[in-house]
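Asks: Okay, handing you the structure first.
The values are calculated or read from the model by the stated rules, or taken from the named source; none is laboratory data. Quick caveat: nothing in here was measured; it's all calculated off a predicted structure. Cβ placement follows ideal geometry from the backbone for every residue including glycine, while neighbour counts extend to all protein chains displayed. The protein model used for the area step is the full one, side chains on, heavy atoms only, and it has no ligands, DNA or RNA in it. Shrake-Rupley method; radii C 1.70, N 1.55, O 1.52, S 1.80 Å.
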Amino acid sequence: MKLEYKSMIDELFSEFPKLLDVKITDITDHNVLWYLRDYINSGYVRFEAGRKELYRLSILIENYAAKYKVPLLATFETSKRYKYVEDRYMELVKDIPKVWIIGNFNNPSLAPQPPKNAEVISCDGTNLTEIWMVLTKGDKGPFGLVAEDIGDGMFRGFFSISPTIINKAIEITEKSLKTKIDFDHKVVEND
C-alpha cells in the first residue's frame, strides 16, 4: 500500500530527503535583502518565514514571469488572499502566455474571472489549501517558491531552481487537482 501524505511539503521532503539536511536560511529583511538573482544563484534555499518575506519573493517571481513572458502558477490559501492581489494580477497576467491561479475558492461564483490565458482552479478540499506556491519558467525549466502554512503567520518551505524538485511539486499539484499543468505551454494564434 502506498503511503498518502496530508502535507505537500512532507511529500516533497520524503521524495528528496537530502533537502532537509540544508540549513534553514533567514530570509527576513533584517538579515539580508534578497533579490531574485540571489535565490537563483543559491539554487536551493530552505526557510521558515512570514508572509512579508514570501510576498516579496512572490512578487520577484511574478515580475520575472511578466518580464520574460513565461508561464506562471500561483496558489492562494483563501479567496481573501487572492482578493488582496487581484487588481495587480489582472494587470500582470495580460502579457504572460499561460497562468494558473489556484485558490481555496469554495464558492465558484466568487472565483476570479481573469483573461483567457489564465486558468482558475479551486483547491478546496485538497492538500493544497495551506500551500503558498509561485512558480515560473527559467532557462533550465520551472523554478520558484513552495511553502506551507505552519500557523501564526509562519510558513516552512523552500525556493528551488531544480527542475526535478519543482516538476515533482507540479506533479503533486496535478494529482491533487486532477488537472494538467504544462509549463512548456506554447502560445498559438487562437489560444
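Asks: List the lysines whose Cα sits under 24 Å from the Cα of residue 168, skipping any in the same chain fewer than 8 residues away.
Replies: Leaving aside lysines fewer than 8 places away in the same chain, those within reach of residue 168 are 2, 6, 18, 23, 69, 98, 137, 140, 178, 180, 186.
Asks: Determine the distance separating the Cα centre of the range 112-168 from the Cα centre of the range 62-100; give it in Å without decimals.
Replies: Here the answer is 12 Å between Cα centres.
Asks: When N counts the residues of the chain, how does its alpha-carbon radius of gyration compare numerically with 2.2 N^0.38 Å, as a ratio?
Replies: So the Cα radius of gyration is 0.97 times the expected 2.2 N^0.38 Å.
Asks: Considering only the chain, what is the antiparallel percent among its DSSP beta bridges, to the nearest 5?
Replies: 70 percent
Asks: Another one. Hey, could you grab the Kirkwood Rh for the range 8-86? Inverse mean 1/r over distinct alpha carbon pairs, Å, one decimal.
Replies: One over the average 1/r among Cα pairs gives 14.5 Å for the range 8-86.
Asks: Same structure, new question: Please give, to one decimal in nm, the separation of the simple spin-label points placed at residue 171 and residue 59, each 7 Å out from Cα toward the Cβ.
Replies: 3.5 nm
Asks: Please enumerate, by chain and number, the aspartates and glutamates with C-alpha under 15 Å from the C-alpha of residue 67, excluding those fewer than 8 residues away in the same chain.
Replies: 91, 95, 139
Asks: Just order 19-28, 96-105, 115-124 by mean Cβ neighbour count inside 10 Å, highest at the front, would you?
Replies: Final packing ranking: 96-105, 115-124, 19-28.
Asks: From the helices alone, meaning DSSP H stretches of at least four residues, give me the mean residue ellipticity at 222 nm for the chain, per-run term -39500 (n - 2.57), in deg cm²/dmol to the nearest 500.
Replies: -10000 deg cm²/dmol
Asks: Still on this model: So, for the chain, what is the accessible surface per residue at a probe of 1.4 Å, expressed in square angstrom?
Replies: Numbers: 10120 Å² over 191 residues.
So the chain comes to 53 Å² accessible per residue, rounded to a whole number.
Asks: Using a 1.4 Å probe over the heavy atoms of the protein chains, calculate the carbon and sulfur portion of the accessible area of the chain as a whole percent.
Replies: It is 51 percent, rounded to a whole number.
Asks: I need the phi-derived Karplus couplings for the range 147-157: 6.51 cos²θ - 1.76 cosθ + 1.60, θ = phi - 60°, integer Hz, Gly and Pro marked x.
Replies: 9, 10, 5, 10, x, 6, x, 10, 10, 10, x
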